[in-house]
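Read through the structure below, which is laid out as structure tokens, and then see the notes.
The values are calculated or read from the model by the stated rules, or taken from the named source; none is laboratory data. All values reported here derive from a predicted model rather than from experimental measurement. Cβ sites come from the backbone with ideal geometry, for glycine too, and all protein chains shown count toward neighbours.
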Amino acid sequence: MRKKSKQTKKATSGAAMNRRKFMGTLAAAAGTTAVAGSLSPFAPSVNAETVHFAANTPGMGGAGPFRTECDIRDCDVEGEIPSNIDGAFYRVGPDWQYPPMAGNIPFDGEGHVSMFRIQNGHVDFKSRYPRTQRFKAQAAARKRLFGMYRNPFSDDPSVKGVSRGTANTHVVYHHGLLFSLKEDSPPVAMNPLTLDTVDDYYTFGGGLHSLTHTAHPKFDNATGEMISYGYEAKGLATDDVYIFSANAKGHITWETWIKVPYVGMIHDFAVSQKYIAFLILPMATNVERMKQGQVHFAWDSTLPTWFGVLERGGDGKDVRWFKGPERCATHVMGAFSDGNKIYVDMDMALKNQFPFFPNLHGEPFDPKAAAGTVHRLSVDLSDKTPRDYNMEELYPQTGALPRQDDRYQTIPYRYGFMPTSDPTKPINPRLGNVAFRPTNCYTMFDHATRKTSQFWIGDDSSLQECCFVPRHKGAGEGDGYLIGVATRMLEAGRSDLVIVDTQHMDDKPIATVRLPFRSYSQVHGWWVPGEDLPKV
Ligand code: V55
Ligand code: FE
């Protein structure tokens, strides 16, 4: 017993520990709550195991995982949904299947996909876990078998060769399949109507020559192509990036390879009509730390950023790299090219934006330096002298998870959207002293005028990422609705789907779909028009 308590203390780096926390950590370390050995007359027989989530399980703000696959026919809708909104809003986020290893992070929970199918003013809700290889292995064993975030050294030996992918980051739709994505593994393909998993390791019919696939593919709406990539493509911590394009039927018609200056997180990328661009971040892969049981990344503030550009359809050996200072930028709002220039809009901050990825050199997490604003990165490829890339801050609003009218991916665009926090808005006193100002606005950015408009949901709620829904087929850019999930913080985090008119950002939502529970937190979501879905 004494030996065990020592190990536990080490694992939580000397934090003061009450008994409850201690038991929780022990349970997490063992993957189960170990009650065998108790002298209670109710003690189960030897080797019996129960599943218990400690109160401090990461994610969900202390509420614990959701874990409920469910169907609701005809959700409660407040307000009116116009009949021209016809389609499916999909969302995904991590939702632990089994209690995580002590010290693991929210980004490692099993992906859970939900769908709001909207038609004729009615909304049907469905949620399913994609049956990843990892999910199935753990379900069969009735316990956690995978260790730390993207760290194969911490896994149970029984899962060697089983895909580690959690499919927890993004859902997109292409050639009739819904892809649930995690950047360390190939897509998991689902039936877009039933959410049944149809392939737990999708390789585009064998055409995918990478061991990984990003969560952020891009879509060229003129050609129907999906342009995508995988980093660490030849295995753990490799400096190879695989880049490809799949046609509207899902056949890979172009592929190439590049090497990166150093191996860091490449969470998103940019595609214009002419170019493809990557931003390499100081969120560096660290194999030594993985071997010591840590997560995949640590922020190395001594590293520069690198902006790499190659031609779409070209050869990876012609990639050019442009240097920049330490910055964190995770998501692309939009990208376009003009002659030999490429422009990439991203939310960008000075330093590490993820409190759960450690700073390698021991600096404390800095929330001010982690606040991101929309920046425009650019280079002129006709300029042959080696230079840094250019960057310009476009707007002062702070936030993350920027989006655009997705019909304008790869081409010049005018409107962007982002969940933001507004320092001038009140915080409901019943929320007490909140550590972070809630993200309770959706801001619409007009790049033509540099003006913004803002939807504010109120002082008691926070907003997850939004998706843009065109008002009707052929509607002008940005003319339509923003759709996203709100967390009602004074109702134990209950979830509502809100639909906001982009022409009336100041107004209340036109409709609110009231879920009778608190769902897991979304990372990303995707809108699919009804006419693009398979016929039932
Ligand atoms: C992100 C999210 C991830 C991940 C890496 O938002 C980067 C960025 C939910 O998982 O693994
Ligand atoms: Fe992302």
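In the set (1) modelled with pLDDT of 95 or more; (2) away from ligand 2 (no atom under 16 Å from the Cβ); (3) farther than 17 Å from LEU497 by Cα, the condition left unmet by ASP71 is number (3).
A quick yes/no check of all residues on (1) more than 20 Å from THR169 (Cα to Cα); (2) surrounded by 18 or more Cβ atoms within 10 Å (Cβ to Cβ):
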{"residue": "THR194", "(1), (2)": "no, no"}
{"residue": "GLY207", "(1), (2)": "yes, no"}
{"residue": "THR214", "(1), (2)": "no, yes"}
{"residue": "GLU225", "(1), (2)": "yes, yes"}
{"residue": "VAL271", "(1), (2)": "no, yes"}
{"residue": "MET283", "(1), (2)": "no, yes"}
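With respect to ALA189, is the statement that it is surrounded by 21 or more Cβ atoms within 10 Å (Cβ to Cβ) and small (Gly, Ala, Ser) true? Spelling it out, ALA189 is indeed surrounded by 21 or more Cβ atoms within 10 Å (Cβ to Cβ) and small (Gly, Ala, Ser). Taking the criterion of being closer than 30 Å to ILE411 by Cβ and in a loop (DSSP other than H, G, I, E, B), the residues of segment 344-372 that qualify are GLN353, ALA371, GLY372.
Can you spot a residue in segment 109-128 that is buried (at least 21 other Cβ atoms within 10 Å of the Cβ), within 16 Å of ligand 2 (Cβ to nearest atom), closer than 27 Å to ARG164 by Cβ and charged (D, E, K, R)? So far as segment 109-128 goes, no, none of its residues is buried (at least 21 other Cβ atoms within 10 Å of the Cβ), within 16 Å of ligand 2 (Cβ to nearest atom), closer than 27 Å to ARG164 by Cβ and charged (D, E, K, R). Every listed requirement among (1) away from ligand 2 (no atom under 16 Å from the Cβ); (2) under 22 Å from the mean Cα position of the chain (by Cα) is met by GLN522 save one, (1).
Considering TYR90, TYR98, which residue is at pLDDT 95 or above, surrounded by 20 or more Cβ atoms within 10 Å (Cβ to Cβ), within 16 Å of ligand 1 (Cβ to nearest atom) and among the hydroxyl-bearing types (Ser, Thr, Tyr)? Walk me through it before giving the result.
Values: TYR98 fails: within 16 Å of ligand 1 (Cβ to nearest atom).
After ruling out the rest, the residue left standing is TYR90.
Are any of the residues in segment 471-482 of a type in the set (A, V, I, L, M, F, W, C), within 16 Å of ligand 2 (Cβ to nearest atom) and more than 26 Å from PRO423 (Cα to Cα)? Checked against the condition, which is being of a type in the set (A, V, I, L, M, F, W, C), within 16 Å of ligand 2 (Cβ to nearest atom) and more than 26 Å from PRO423 (Cα to Cα), segment 471-482 yields no hits at all.
Of the listed requirements (1) within 19 Å of THR214 (Cβ to Cβ); (2) within 16 Å of ligand 2 (Cβ to nearest atom), TRP306 misses just one: (2). Show the residue pairs that are 6+ apart or on different chains and have beta-carbon atoms under 6 Å apart, the first residue being within segment 415-433 and in contact (Cβ under 8 Å) with a residue 40 or more places away in the chain, the second being in a loop (DSSP other than H, G, I, E, B) and aliphatic (A, V, I, L, M). Close Cβ pairs (under 6 Å, with a partner that is in a loop (DSSP other than H, G, I, E, B) and aliphatic (A, V, I, L, M)) amount to PRO419/LEU401. Being among the hydrophobic types (A, V, I, L, M, F, W, C), part of a helix (DSSP H, G or I) and touching a residue at least 24 places away in the same chain (Cβ under 8 Å) is a property that ALA137 has. Residues considered: ASP76, ASP155, ASP108. Of these, the only one that is closer than 22 Å to LEU193 by Cα and out of contact with any helix residue (DSSP H, G or I) (no Cβ under 8 Å at 6 or more places or on another chain) is ASP76. Considering PRO82, PRO58, PRO100, PRO130, the condition of being assigned to a loop (DSSP other than H, G, I, E, B) and either touching a Lys or Arg at 6+ places or on another chain (Cβ under 6 Å) or over 23 Å from ARG518 (Cα atoms) (or both) is satisfied by PRO82 alone. Scanning segment 287-305 for residues that are crowded, with 19+ Cβ neighbours inside 10 Å and either of a type in the set (A, V, I, L, M, F, W, C) or modelled with pLDDT under 95 (or both) yields MET290, VAL295, PHE297, ALA298, TRP299. In summary, no strands (runs of 3 or more DSSP E) completely within segment 177-221 bear 3 or more residues that are touching a residue at least 60 places away in the same chain (Cβ under 8 Å) and in contact with a helix residue (DSSP H, G or I) (Cβ under 6 Å, 6 or more places away or on another chain).
When segment 395-448 is limited to residues that are within 16 Å of ligand 2 (Cβ to nearest atom) and assigned to a strand (DSSP E or B), the one that is farthest from the chain's Cα centre (by Cα) turns out to be GLY416. The single condition among (1) of a type outside the set (S, T, N, Q); (2) away from ligand 2 (no atom under 16 Å from the Cβ); (3) touching a Leu at 6+ places or on another chain (Cβ under 7 Å) that LYS291 does not meet is (3). When each of MET444, MET489 is tested for being surrounded by 19 or more Cβ atoms within 10 Å (Cβ to Cβ), under 16 Å from ASP406 (Cβ atoms) and aliphatic (A, V, I, L, M), the lone residue that passes is MET444.
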